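J.: Quick one: the structure is below, questions incoming.
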Amino acid sequence: MKQANANFDFDDDAPLLEAEDLTVSYSTSQGDLIAVDDVSFTVKEDEIFGLVGESGCGKSTVAQAILSLLPSNGMIPSGSIRFRGIELTELEKRELDSLRWENLALISQGAMNALNPVQRISTQIVEAIQAHREISKQDARERTRELFETVGLDPERMDDYPHQFSGGMKQRAYIAMSLALDPDLIIADEPTTALDVIVQDQILKRLKELRDELNISVVIISHDISVIAETCNRLGVMYSGKLMEYGDLKEIFANPYNPYTLGLQNAFPTLRGEQADLISIPGGPPDIADLPDGCRFMDRCPFATAKCGEAHPPLESVGDDHASACYRHDIIEEMRTDAGKRDTWDQLHAEVAASGGASDE
Ligand SMILES: Nc1ncnc2c1ncn2[C@@H]1O[C@H](COP(=O)(O)OP(=O)(O)O)[C@@H](O)[C@H]1O
Ligand SMILES: [Mg+2]
């Protein structure tokens, strides 16, 4: 059941979240720099949607734009973000405040450090509940107890202070707080990045169970494609502010069409069915103050041709619920199976060059 909200007339037929041609820029001493460029995606009800890409690709900017939490130099020059049919970019602060927590919650990067160190955790959650609901302190405490159980924390510990908790426990406590008002959608930005692998696994598993038990939809943002692979149904691969590949997770993992996705997957050991050394793509995303005219990934791409230097490729449909932005879909299709087996990205570069695959057309 989706949450009603007296301040909004939601459209029951609209997708849960829809970003359309979203562009976000930051005003800096070097001018207005575009961090998110014409990005469109849809998050459906009851799904876990992933946004993946290396650091600096614009993922957190997307999350902050959705919740109008951009830093003061951030702006949305064009595009639209609709939540259950409501245009979020046009809301006033008061309206957003009523939507936030009740319907849409953000677990931001480093959220566990957002807990107030001098207040008991229970006090913080009780106050968050009472800020939105006419409810007695006792009932709010009871709700907090339930929430602790929901996220797998011992309710006996709810009156502890944050410093008495480990990193993983603090992250769970923050997730408990974000669940307090039964939101329809939680956006979790790198929810497990600071945690060790075992705790990371437990928390991701819990987020999945929450989706199943409470019908809460989740957007998970991560630089780590294995996190997305384990948790999501659909995903968007972002590079340098652009959506490079988008759609159904199984379909994209079975048939990746974008060299950038392929590159991220080479750094993903289970693709080859065995634990192998992690291989990453040499180099990094371009500086947003100095973006190339052509494909943003061109400099690092083994398949690039002269055409790629002309303009960034448009996102094209390559399958059922599957789109990719690349001019070389034909050659990727051909080389994909082999590409996953290359030992190094450099070797792939050399082989493609030797086969004449990357020659100028
Ligand atoms: N307040 C800001 N002012 C200027 N540039 C920013 C600001 N915040 C982020 N950026 C830039 O925007 C780009 C995207 O950043 P971000 O959304 O944090 O990426 P990600 O979350 O994928 O690591 C980066 O180039 C980053 O340096
Ligand atoms: Mg980020």
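Bear in mind that the values in this text are calculations on the coordinates, not laboratory data. Everything quoted here is computed from the prediction, not taken from an experiment. Don't worry about glycine lacking a Cβ; one is built from the backbone with ideal geometry, like all the others, and counts go over all protein chains shown.
J.: Name the residues whose placed amide hydrogens come within less than 5 Å of the amide hydrogen of Glu190, ignoring near sequence neighbours (fewer than 5 apart) on the same chain.
T.: Sorted by chain and number, the residues that satisfy this are Ile221, Ser222.
J.: Counting each DSSP H run of 4 or more residues in the chain as -39500 (n - 2.57), what helix-only mean residue ellipticity at 222 nm follows after dividing by all residues, to the nearest 500 deg cm²/dmol?
T.: Details: 11 runs with 114 residues, N = 361.
Computed mean residue ellipticity for the chain: -9500 deg cm²/dmol.
J.: Computed over the Cα atoms of region 1-58, what is the convex hull's projected area averaged over all directions, in nm²?
T.: Reported value for the Cα convex hull: 6.2 nm².
J.: Considering only Cα-Cα distances, which of the following residue pairs are longer than 26 Å: Lys170/Lys205; Lys44/Lys208; Lys170/Lys250? Spell out each step's value before the answer.
T.: Numbers: Lys170/Lys205 16 Å; Lys44/Lys208 15 Å; Lys170/Lys250 32 Å.
Pairs exceeding the cut-off: Lys170/Lys250.
J.: Show me the ranking of peptides 126-132, 258-264, 87-93 by mean Cβ neighbours inside 10 Å, starting with the highest.
T.: Final packing ranking: 258-264, 126-132, 87-93.
J.: What FRET efficiency comes out for the pair Glu90/Asn215, r = Cβ-Cβ distance, R0 = 25 Å, nearest 0.05?
T.: Efficiency for this residue pair is about 0.35.
J.: With only Lys, Arg, Asp and Glu charged, each at its Cβ (+1 for the first two, -1 for the last two), find how big the charge dipole of the chain is about the Cα centre; round to the nearest 20 debye. Can you show the working numbers first?
T.: Values: 32 positive and 63 negative charges, 213 e Å.
Approximately 1020 debye in magnitude.
J.: Where does region 120-181 land on the Kirkwood hydrodynamic radius, alpha-carbon pairs, in angstrom?
T.: On the way: mean 1/r = 0.0890 Å⁻¹.
Averaging 1/r across every pair of different Cα atoms and inverting gives 11.2 Å.
J.: Moving to a separate point now. Efficiency by 1/(1 + (r/R0)^6): what FRET value for Ala350 and Ile198, r their Cβ-Cβ distance, R0 = 30 Å, to the nearest 0.05?
T.: Plugging the Cβ-Cβ distance into 1/(1 + (r/R0)^6) gives 0.20.
J.: If you bin every alpha carbon distance in the chain into 10 Å steps from zero, what whole percent lands in each bin?
T.: The distribution over the chain is 5, 23, 31, 24, 12, 4, 1, 0, given as percents.
J.: Same structure, new question: Multiply the residue separation of Met75 and Ser55 by 0.36 nm, subtract the distance between their alpha-carbon atoms, and state the gained length in nm to one decimal. Provide the component values of the computation, followed by the final result.
T.: On the way: separation 20, 0.36 × 20 = 7.20 nm, distance 2.02 nm.
Net length gain for the segment: 5.2 nm.
J.: Going by average Cβ neighbours within 10 Å, how do the peptides 22-31, 5-14 rank, with the highest at the top? Walk me through the numbers before you get to the answer.
T.: Details: 22-31: 15.6, 5-14: 12.0.
So the peptides 22-31, 5-14, ranked by packing, come out 22-31, 5-14.
J.: Karplus couplings for region 307-315 from phi (6.51 cos²θ - 1.76 cosθ + 1.60, θ = phi - 60°), rounded to Hz, Gly and Pro as x?
T.: 4, 4, x, 7, 7, 5, x, x, 6
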